[in-house]
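For reference, the structure is listed below as structure tokens.
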Amino acid sequence: MARTQLVGIAILGAWLGWTLFMWFAATRSFRTVDRVLRKPNPEFEQAVQPLPHDQARVVLRYLASEINRTLFRLYGWTQILVGLALVLLLWRQSPRDTVGLALACVMLGLVLLLTLVIQPQIVSLGRSIDFVERSPAPAAMPRFWMLHGAFTGLDAVKLLTGLSLVARWIFRA
């Protein structure tokens, strides 16, 4: 296997691994809020005692949202750098793997769309509804979930594209 492909596999492995980690982390943060409120330790329970249960949940979910927003902003910009590194690596490869380069460009294009277009809309809309009553659901909620679904779907396409590139290199070697 060529050294370029080994470096490419290492870059893709880190990139795809981080993608899976982010999927896990994003879902766990909100479940953790409910778990902590269900079985709080005594010190925490005393600290939030002045707040009614529903208010404490809103505050903790807001904190989880802000942590996720920070992580996803870092995730997006780091993916852009990693994607550029992979595209440059494949561009400089001789002979050039045109299909591999195209797949890496698709991944980078998806990341640019996610980071520069979809994620800022999710953040803005999410912040506008963080403290809005949920019953009935705010009018912006369907758009929020549509953007969330678009992000997750396109991120999954990116992941599958990366996996196909890794598989292509491994089985072609």
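The values are calculated or read from the model by the stated rules, or taken from the named source; none is laboratory data. Computed from a prediction, not measured in an experiment: that's the story for all the values here. Methodologically, a virtual Cβ is constructed for each residue, glycine included, from the backbone with ideal geometry; neighbour enumeration extends over all protein chains shown. For the accessible areas, the whole protein counts, side chains as well, though only heavy atoms, and no ligand, DNA or RNA atoms are used. Shrake-Rupley method; radii C 1.70, N 1.55, O 1.52, S 1.80 Å.
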Residue in segment 8-15 that is part of a helix (DSSP H, G or I), of a type in the set (A, V, I, L, M) and in contact with a Gly (Cβ under 7 Å, 6 or more places away or on another chain) present:
yes
Within segment 54-80, of all residues that are open to solvent by less than 70 Å² (accessible area, probe 1.4 Å) and of a type in the set (Phe, Trp, Tyr), the one farthest from Gln121 (Cα to Cα) is Tyr75
May I ask you to list the residues in segment 131-173 that are outside any helix (DSSP H, G or I) and among the polar types (S, T, N, Q)?
Ser135
One residue is enough: does segment 96-112 have a residue meeting the conditions out of contact with any Cys (no Cβ under 8 Å at 6 or more places or on another chain) and under 20 Å from Arg31 (Cα atoms)?
no
Residue among Ser128, Ser124 that alone is in contact (Cβ under 8 Å) with a residue 12 or more places away in the chain, loosely packed, with under 13 Cβ neighbours inside 10 Å, out of contact with any strand residue (DSSP E or B) (no Cβ under 8 Å at 6 or more places or on another chain) and assigned to a helix (DSSP H, G or I):
Ser128
Count - residues of segment 1-25 that are surrounded by 12 or more Cβ atoms within 10 Å (Cβ to Cβ), under 21 Å from Trp77 (Cα atoms) and of a type in the set (A, V, I, L, M, F, W, C)
12
Quick check on segment 38-55. Is at least one of its residues of a type in the set (A, V, I, L, M, F, W, C), out of contact with any Asp or Glu (no Cβ under 6 Å at 6 or more places or on another chain) and touching a residue at least 24 places away in the same chain (Cβ under 8 Å)?
no
Go through segment 83-104 and give me each residue that's touching a residue at least 24 places away in the same chain (Cβ under 8 Å) and either touching a strand residue (DSSP E or B) at 6+ places or on another chain (Cβ under 8 Å) or of a type in the set (Gly, Ala, Ser) (or both).
Gly83, Ala85, Gly100, Ala104
Considering only segment 26-53, state which residues are surrounded by fewer than 15 Cβ atoms within 10 Å (Cβ to Cβ) and within 27 Å of Gly153 (Cβ to Cβ).
Thr27, Arg28, Phe30, Arg31, Thr32, Asp34
Could you tell me whether segment 63-84 includes any residue that is outside any helix (DSSP H, G or I) and over 30 Å from Leu163 (Cα atoms)?
no
Limited to segment 131-173, what total is found for residues that are over 30 Å from Ala10 (Cα atoms), surrounded by 14 or more Cβ atoms within 10 Å (Cβ to Cβ) and in contact (Cβ under 8 Å) with a residue 24 or more places away in the chain?
1
